[in-house]
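These notes concern the structure reproduced below.
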Amino acid sequence: MIEIRPLCPADKPDWLPLWQGYLDFYKTMLAPEVTENTWARLLSPTGGLEGLAGVDQAGTLVGFAHYLLHLGTWDTGHVCYLEDLFVAPDARNLGAGRALIEHLAMTGRASGWQRVYWQTAQNNKTARRLYDKLATQTDWVRYEIEL
């Protein structure tokens, strides 16, 4: 059983290794100040970023979801972008990823959001098996300009 709740200040020591695991998975390195800024924004009511914790029965943080809400142009309600989702490797297949996404969807339904969306790497087969069960893959293609 996985409990889903908002991230809180006491989660930082357990969140940091999960965050590093997420960055390692995507072969990304960030300056420590970026991580500190991300953590601060997750906890700030005006940071524009929200965070959920997935906690196992022992009270251990085993996963997180970071998301942001924004208004879209095709409707009048909010849209939720699930920016980061990660579950500790030894906690996978316990339902944490599913619980985090389903909690976000439930919150969105209750709050009148229009949709929850996210992206993942093409080769992230483990996550995509879960995503294929919970959501519809779209035909949208992502483009980026690095500045």
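Read-outs: derived from the displayed coordinates by stated rules, not from any lab. Please read all numbers here as calculations on a predicted model, not as lab measurements. Note: ideal-geometry Cβ built from the backbone for every residue, glycine included; neighbour counts use all protein chains shown.
Give me the dipole magnitude in Debye, nearest 20, for the chain about the Cα centre, with unit charges on the beta carbon: positive for Lys and Arg, negative for Asp and Glu.
Working: 13 positive and 17 negative charges, 90 e Å.
Charge dipole, the chain, about its Cα centre: 440 debye, nearest 20.
Note on residue 27: lysines with a C-alpha under 24 Å away, same-chain residues under 8 apart excluded, are 12, 125.
Cα centroid separation, segment 1-61 to segment 67-88: 17 Å.
Charges on Cβ only, +1 for Lys and Arg, -1 for Asp and Glu, centred on the Cα centroid of the chain; of 99, 49, 64, which one is farthest towards the dipole's positive end? It is 99.
Go through 61-67, 47-53, 6-12 and give me the packing order, highest mean Cβ count within 10 Å leading. Could you put the intermediate results ahead of the total?
Working: 61-67: 23.0, 47-53: 18.7, 6-12: 13.7.
Output ranking for 61-67, 47-53, 6-12: 61-67, 47-53, 6-12.
A value for log10 I(q)/I(0) by the Debye sum over Cα atoms at q = 0.12, 0.16, 0.19 Å⁻¹ was derived from the coordinates, and within the list [x] -0.71, -0.96, -1.08; [y] -0.45, -0.85, -1.26; [z] -0.51, -0.95, -1.37 it appears as [z].
Computed on segment 45-118, with alpha-carbon pairs under 8 angstrom and 6+ residues apart, the relative contact order is 29 percent. Highest average first, the peptides 74-86, 121-133 ordered by how many other beta carbon atoms sit within 10 Å of their residues are 74-86, 121-133. Beta-bridge orientation, segment 3-134: approximately 85 percent antiparallel, per DSSP, counting only bridges with both partners inside. Residues considered: 116, 87, 34. Largest GNM mean-square fluctuation over the chain, using C-alpha springs under 10 Å, is found at 34. Tell me the net charge near residue 48. Cut-off is 15 Å between Cβ atoms, residue 48 excluded, with +1 for each Lys or Arg and -1 for each Asp or Glu. After counting each charged neighbour, the total is -2.
Would you mind getting the Kirkwood hydrodynamic radius of segment 1-83 from its Cα pairs, rounded to one decimal in Å? If you can, show how the numbers build up before the last one.
On the way: mean 1/r = 0.0719 Å⁻¹.
Kirkwood radius, segment 1-83: 13.9 Å.
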